[in-house]
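Just so you know, all these numbers are worked out from the coordinates, no wet-lab data involved. Because the structure is predicted, anything quoted here is derived from the model rather than measured. Cβ coordinates were reconstructed from backbone atoms using ideal geometry, including for glycine residues, and neighbour counts include every protein chain displayed.
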């Protein structure tokens, strides 16, 4: 799926309903969004608190007819053995891919050597999983994020990662450099208004994630619809019927 | 809240994020939607399968600054003692109200005497909870649903219910009859395109629920946003930023 004419667009779900809806809408591969998974359960994102909820979700989604890749934040542990055990647990549930990030809860980047150890532990334990190594160089505000991202990409690929995810990379020139310098499928985060799939395809990007976008769109729909009812305004969109959603959930 | 100039508008949430968003949008009382709670966890609605998830959600939402009333479907049991135990469990979590429905998974209405026993058991166990007795006469397609709804409303109020919910009642003449004949706050389901809050207020309705509407709007936002990204179309709405949603979840 990473080697077709168009980039793989991976929409990100956070519960059974969002995943079932995306599957029904025709997406045959979906990811999860850690913000959504955490937020649905009242947890903050990216603090390493949603391990149980992440595994439970993977278990729920196995009955959907789609490939599933799971955002495991930074692995919910700094211990390579524990992170490898998580990968095994998810693989046993039928998950085909993982995202592992090097951004830390305090906004800094993990030591690249230690991060490579996590990558290596996952690769050894679950060689068949597609391991997408995410570097948060652009998000963390380090000097020269482009060079840092490229260097880390090489470290993680050498340790066994299958692809590299560089969220927040946006400029075409940066993307071109990443594609040229990283010898593996490059995954970008779709930034509405700044990216189109067509542009990203032209630049050589192989995989495009929506991150928390769909979750944030859902949160927005909740309040905008409730406020429209309160104000007797037209609904912002015409939602599917009860019966249509019930059929979706009954799959 | 049931005795003000305008009806109490109760938007219905299904997870922490939807409830937090509604609270932040200014709603000081919210309900839950059993379709959403079930659907988020891969369960069908109204089959009595989501008891654990419903209780867990109530526990999560207690930290939000809002009053919470919980949709317990038909009580997740036909045993009055078990249904009363559920009410106690929820009251202990700070829940201030319950919705109990008399529609059955097979689309028929429960025996009204047995349903009144459930109402009575809840009332005895948790007299301070606002017990909203829902009759599904209009939904179940019984002959003369208006008369059935009025008769059941009286049975449930006699058993200790505090209010009556008649979803699917829509015609102004039916609503007028329900308001006149039911000596307790009447709760209706908001039907987009058929109701406005102003009309329902004029008819004497005291409480208006959104049911599964917000959940269905969220599901719709997920797929419409994902398809817009796929097709390089403008997003259907401009969702809040990552930082705004992160702040919401961190409350």
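Computed over chain B with a Gaussian network model linking Cα atoms closer than 10 Å, the most mobile of B:39, B:50, B:31 is B:39.
Calculated FRET efficiency, residue B:177 to residue A:25, Cβ-Cβ distance, R0 = 45 Å: about 0.60 to the nearest 0.05.
Residue B:234 label point (Cα plus 7 Å toward Cβ) to equivalent points in the other copies: 1.4 nm, shortest first. When the helices of the protein assembly as shown are scored as -39500 (n - 2.57) per DSSP H run of n ≥ 4 and the total is divided over every residue, the value at 222 nm lands at -13500 deg cm²/dmol. The slack in the chain from residue A:47 to residue A:78, taken as 0.36 nm per residue of separation less the alpha-carbon distance, amounts to 10.0 nm.
When both bridge partners sit in the protein assembly as shown, DSSP labels roughly 5% of those beta bridges antiparallel. For residue A:244 and residue A:85, a Förster radius of 41 Å and the Cβ-Cβ distance give a FRET efficiency of 0.55, rounded to the nearest 0.05.
Between the helical axis of B:112-125 and the longest alpha-carbon principal axis of chain B there is an angle of about 70 degrees. In plain terms, the C-alpha convex hull of the range B:68-118 casts an average shadow of 3.3 nm² when viewed from every direction.
For the range B:166-190, backbone nitrogen atoms closer than 16 Å to the point 7 Å from residue B:128 Cα along Cα-to-C-beta are found at no residue. Largest GNM mean-square fluctuation across B:102, B:79, B:136, computed for chain B with C-alpha springs under 10 Å, falls on B:79. Have a look at the DSSP beta bridges in chain B and tell me what percent are antiparallel, nearest 5. Approximately 5 percent, going by the DSSP bridge assignments. The long axis of helix A:213-230 is offset from the longest Cα principal axis of chain A by roughly 20 degrees. Between 0 and 90 degrees, the angle of helix B:172-181 with respect to the longest Cα principal axis of chain B falls at about 50 degrees. Using a Gaussian network model of chain B with C-alpha springs under 10 Å, which one of B:54, B:78, B:223 is most mobile by mean-square fluctuation? The residue with the greatest mean-square fluctuation here is B:223.
Distances from residue B:151 to itself in the other copies, using label points 7 Å out along the Cα-Cβ axis, amount to 8.1 nm in increasing order. To the nearest 0.05, how large is the calculated FRET efficiency for residue B:2 and residue B:106 if R₀ is 25 Å and r is the Cβ-Cβ distance? Efficiency for this residue pair is about 0.20.
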